[in-house]
1. Taking amide H positions as placed in the peptide plane 1.01 Å from N, state which residues far from B:Leu103 in sequence (5 or more) or on other chains have amide H under 5 Å from it.
2. Relative to the compact globular guide of 2.2 N^0.38 Å, what is the alpha carbon radius of gyration of the protein assembly as shown, as a ratio?
3. Excluding A:Thr61 itself, calculate the net charge of residues whose Cβ lies under 11 Å from the Cβ of A:Thr61, where each Lys or Arg counts +1 and each Asp or Glu counts -1.
4. Across 20 Å bins from the origin, how do the percents of Cα pairs in region B:10-379 run, short distances first?
5. I want to check the label-to-label distance for A:Val137 and A:Arg150. Put each point 7 Å from Cα in the C-beta direction and report it in nm to one decimal.
6. Do any of B:Lys185/B:Lys225; B:Lys15/B:Lys327; A:Lys133/B:Lys15; A:Lys58/B:Lys228 go past 31 Å between their Cα atoms, and which?
7. Dipole of region B:10-379 (Lys/Arg Cβ +1, Asp/Glu Cβ -1, origin at the Cα centre): which of B:Ala169, B:Asn85, B:Ile279 lies farthest to the positive side?
8. Given Cβ point charges of +1 (Lys, Arg) and -1 (Asp, Glu) and nothing else, what value in debye, to the nearest 20, does the dipole of region B:10-379 about its Cα centre take?
Amino acid sequence: MSDWRRIDIDAFDPESGRLTAQDLIPPYSHVITAQELQPKIQQLRSLSSSGDISSAIKLATNDPPYSADDATKAQYMMAVLETLTQVRQADITNILKGLNPQEQVVLVKYLYKGMSITEGQKQGGILLAWFEKLTQVAGVTPIVHYLSDRQTV
Amino acid sequence: MLPNVNDKSVLAVFKLVKAPIYSHCFSSDRSLLAITCETSCLVYRLTNINSQPKLVATLANHDKTITAVDISIHGRIVTCSQDRNAYVWEPLSDGSYKPTLVLLRINRAATSVSWAPNGYKFAVGSSARIIAVCYYEQENNWWVSKHIKKPIKSTINCLSWHENGVLLAAGGTDGFIRVFSGFIKGLDTKEAVAGSPWGSKFPFGSLIKELYQGSYIHDVEWRSKIEKVAYVAHDGTLNILDSQGGLQSVNSPDGLPFRSLAWINDHEIVCAGYSCHPILFSEASQGWKFAKNLDKVADAAQTPVATGEGEEGEDDNGTFGISALRKFKELDLKGKVTTSVKESAHENAIMELAPFAESNGQVTQISSCGLDGKIVLYTV
């Protein structure tokens, strides 16, 4: 018992009410499944392959699948990443100006997520271009929202 | 410190201590000021706002950092601390204070404290996922507490009592804003909450309303007359909730989160936090929006400060931390800082706002305390 300072006293107290990872998940009324999300992913792919990046970004940043499991989120992420990387640099600012504040916040989430996965890191330059233009348009507000939000993409 | 000459909103600046002031409170006649300073609570007498407040008492029973202080309408001071205790300090005729320990029965730090409007009970928020509602028990000559536990999931950061002394709003790090009932039998009457739009039954500890905000909630404040509750969160928003669950939300103009808020009237709120100056919001027909900055230091771009040649680095883009950067460059090159650098009254984050003067239901002056150890009075 020499290392008594490291004893986890909460483990001995069932009433301790210690915060678990489960407690931090926001309350969702409905958990979206991979099947339910498929049509949206298809639509996103077809929009971005037809070159209508602006509409594709709008679609991607509206009602993102916050409640889905990690695998479903990853599928959606790949579709968003394709859209993000197909843009011409010159168009970025105009697309961003067409987004409302909520959509900008969601976009920041996808940019950070993109930079955190290997597929996104291969396209790091374009993600950073998005990021730079976004901070010029919207300032730090969407980043502050992203940092404090428990609804993750 | 150079006062911001272009801004008349700063009435007085009192640099009181060399430590952060997490919380402050004026007595109801505004003659006494209590602040937190590390493990003590310091009580000052304020004769007028043009002279420095005089230290009259040091309340030093806590042995860990004091997190919050409040003064009741009867002049009783309550302090709570990270040592898991709260003390009620009864003013004596010779100007000293007699402490009474409050049995909080919590096993984590106490984080916030608030007297009910009638001054007969108070609530303490804690990291133990508990709100302790404390009241005086005549028979035992002791302050006892009743706990509100469910469904709090994490630390409580802030508390606010409704004018009726029953409804208690609380926000914390679990991202929920909640309204509880703090009804104590024998102290409160059912008449106080008769016809309340928030509910019909108010047994102690019952959850009246709950809303998920998602980020840490730093401060919450009732506007009892119009049955609304406003709160600020770490995502930089000010939110106003009504009894039907309707929510209005507005972003901080510069993106930085607020730590505190104060209602000015039914349609105006002042917020302050990490941007070091207060910001006024007002309600128009399209909802709440930014109205004006108080004591804001002009952007570097608008006030060209003489810079030596060769200083225009690519990092000089006028957005992030530019004044600090310039300060260090000046120090480096000339060994001093140019006198033309302007500072806002608070040099660090503002922790708490409180109404200071009112006329006709309109708050005209507010007080603030900050991490820079200052108390500032602003005119709105």
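The values are calculated or read from the model by the stated rules, or taken from the named source; none is laboratory data. Quick caveat, the model's predicted, so the values are computed rather than measured. Virtual Cβ from ideal backbone geometry, glycine too; neighbours counted across all protein chains shown. For accessibility, only protein heavy atoms count, side chains too; no ligands or nucleic acids. Shrake-Rupley method; radii C 1.70, N 1.55, O 1.52, S 1.80 Å.
1. Close amide H contacts, sequence-distant or interchain: B:Trp143.
2. 1.07
3. 0
4. Whole-percent P(r) values from 0 Å outward: 28, 56, 15, 1.
5. If labels sit at A:Val137 and A:Arg150, their model points lie 3.0 nm apart.
6. Working: B:Lys185/B:Lys225 24 Å; B:Lys15/B:Lys327 22 Å; A:Lys133/B:Lys15 41 Å; A:Lys58/B:Lys228 34 Å.
Where the Cα-Cα span goes over 31 Å, the pairs concerned are A:Lys133/B:Lys15; A:Lys58/B:Lys228.
7. The residue sitting most towards the positive pole is B:Asn85.
8. Result for region B:10-379 is approximately 1160 debye, rounded to the nearest 20.
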